[in-house]
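Some notes on the structure that comes next.
We did not get these values from a lab; they are worked out from the coordinates using the rules stated. Values in this document were obtained by computation on a predicted structure and should not be read as measured data. All Cβ positions, glycine included, derive from the backbone under ideal geometry; neighbour counts span all protein chains shown.
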Amino acid sequence: MDETVAEYIRTTVQKIPRNEIKTMLQKWGFLSEKQLQAINFHQIKDSIAGDIFQLCEEIPGDIKEAAVLDMIYTHAYAHKRTWKAYQLLTTAEKETVYFDVRDFKKKFKRKLRSALGNVTINFREYEDNAIWIRIAWGTPYREPNQYRASYVVYHSHTPYVFISLSQYRSNLPLLCQALVAASDSHDICAMELQGHCLNSLKDSVFKRSNQNIQTSYSEPLKERSVESESDSRLVQENRKTKEKIRRMNRQVFGDDPLPKLEYAQYKLQTMFKSDPKQDVLHQKEPFRCLVKFSSPDLLESVKSLAATSMVDAPLSPLLTSISHKPRNHFRIKEKTD
């Protein structure tokens, strides 16, 4: 194996927690069981990675084997990357056509390689109909950079795609063109939804959370008999108000676990209003500002605001509709005539 490929494998191994290295190497399947038994997995991680580097140098192989190990690691630690949701736009007739994964791979590789010669593309399929794609980008004069690979997760029976780009953001249009061509779609659009928790993004767009989103708070819901731990520590001045807030929260958020999102971003554009006679502003330019709410678990934090009486209920739809949309990037403008 080429020394640069073995070095990339060593770097990938160093990212894996020490107690999981052996398990991931077994999933990888490149090293034999006899070779794995010869490695002391109780030593420090650098020494383990060094032993694996020496073994890989002695075995024939190329970047494909190294890419598979990186995909196994990325699948297990998808939260280490930032993912953005996209939707493929297609006709109803095409959505019912049988999906041929071999044809998808062939079209995807053909589109990328015809536009960009130096590119490494690897596929890996999982049991939930998810096709993971790893793309290492190069240039006509430079080999692909394996340390800055981009990832795509495509669920073949849905129109949704999740993309995690590396530093090569200029290649996003080309990547989208390849996805459109491979899936026989006619366009692709960003969903303004992104975060680190890939499973939560999937839950949001697949509607798995089954949240009971309501626009009215008039319908009664059955009350829970057990109070939450936070309620027991609060002094309730008005029990009726407390029960009303609880009903509102349940109608807005439901009882199921909420998708995990780290932030919500709002871009506001508004005009300054003043008496025309005063002529306060000479230039009628709009005011623009960016508001960002962040938390390790934003939706659960928003849900707890009204429950703890920190803010008045009902909460603003700008916050409660994040998972319903689903999106966490918003643009707010004034209505024009």
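Put simply, the amide H of Gly61, placed in the peptide plane, has neighbours under 5 Å in Asp2, leaving out anything fewer than 5 places away on its chain. Here r is the Cβ-Cβ distance between Lys64 and Cys189 and R0 is 30 Å; the resulting FRET efficiency, rounded to 0.05, is 0.40. One chain, two ends: Met271 and Asn40. Fully extended at 0.36 nm per residue, the span grows by 76.5 nm beyond their Cα-Cα distance. Backbone amide hydrogens, once placed in the peptide plane, bring His329 within less than 5 Å of Gln265, excluding anything fewer than 5 places away on its chain. Residues of segment 180-208 with an amide N closer than 12 Å to a point placed 7 Å from the Cα of Ser294 along the Cα-to-Cβ direction: none.
A straight line joining the Cα centroids of segment 122-200 and segment 8-46 runs 27 Å. Residue-wise HN-Hα couplings along segment 321-329, as the Karplus relation 6.51 cos²θ - 1.76 cosθ + 1.60 with θ = phi - 60° gives them from phi, are 8, 4, 7, 6, 4, x, 6, 10, 10 Hz; Gly and Pro carry x. Sequence-ordered 3J(HN,Hα) estimates for segment 133-145 from the Karplus curve with 6.51, -1.76 and 1.60 and θ = phi - 60° stand at 10, 10, 10, 9, 8, x, 10, x, 10, 9, 5, x, 8 Hz, glycine and proline given as x. Would you work out if segment 3-76 is rounded, prolate or oblate? Take a ≥ b ≥ c from the square roots of the eigenvalues of the alpha-carbon gyration tensor; rounded if a/c is under 1.5, else prolate when a/b is larger than b/c, oblate otherwise. In terms of gyration-tensor shape, rounded. With the simple model of a label 7 Å out from the Cα in the direction of the Cβ, Lys80 to Lys207 spans 3.6 nm. Across all Cα pairs in segment 117-182, the calculated P(r) in 5 Å bins from zero up to the longest distance comes to 4, 17, 28, 26, 15, 8, 3, 1 percent per bin. Taking label positions 7 Å along the Cα-Cβ direction at both Glu20 and Ile332, the computed distance is 3.8 nm, reported to one decimal.
Which length gain, in nm to one decimal place, applies between Glu7 and Lys106 when the Cα-Cα distance is subtracted from 0.36 nm times their residue separation? Please report the intermediate quantities before stating the final value.
Details: separation 99, 0.36 × 99 = 35.64 nm, distance 2.95 nm.
Between Glu7 and Lys106, full extension yields 32.7 nm more.
Among Arg10, Arg247, the order by Cβ neighbours within 10 angstrom, fewest to most, reads Arg247, Arg10. Over all orientations, segment 80-192 has a Cα convex hull whose mean projected area works out to 7.1 square nanometres. Coupling constants for segment 51-58 follow from the phi torsions by the Karplus curve (6.51 cos²θ - 1.76 cosθ + 1.60, θ = phi - 60°), and in residue order they are 5, 5, 4, 5, 5, 5, 5, 8 Hz; glycine and proline get x. Modelled this way, with points 7 Å down the Cα-to-C-beta line, the labels at Leu318 and Ser47 are 5.7 nm from one another.
Where q = 0.16, 0.27, 0.30 Å⁻¹, what log10 of I(q)/I(0) comes from the Debye formula for segment 73-134, counting one point per Cα? Log10 I(q)/I(0), no solvent term: -0.76, -1.28, -1.27. Along its three principal directions, the equivalent ellipsoid of segment 3-138 from the Cα gyration tensor extends over semi-axes of 33, 17, 14 Å, largest first.
Provide Lys109, Lys335, Lys207 in ascending order of the number of other Cβ atoms located within 10 Å of each residue's Cβ, fewest first. Don't skip to the end; give the middle numbers.
Values: Lys109 17, Lys335 4, Lys207 11.
Starting with the residue having the fewest Cβ neighbours, the order is Lys335, Lys207, Lys109.
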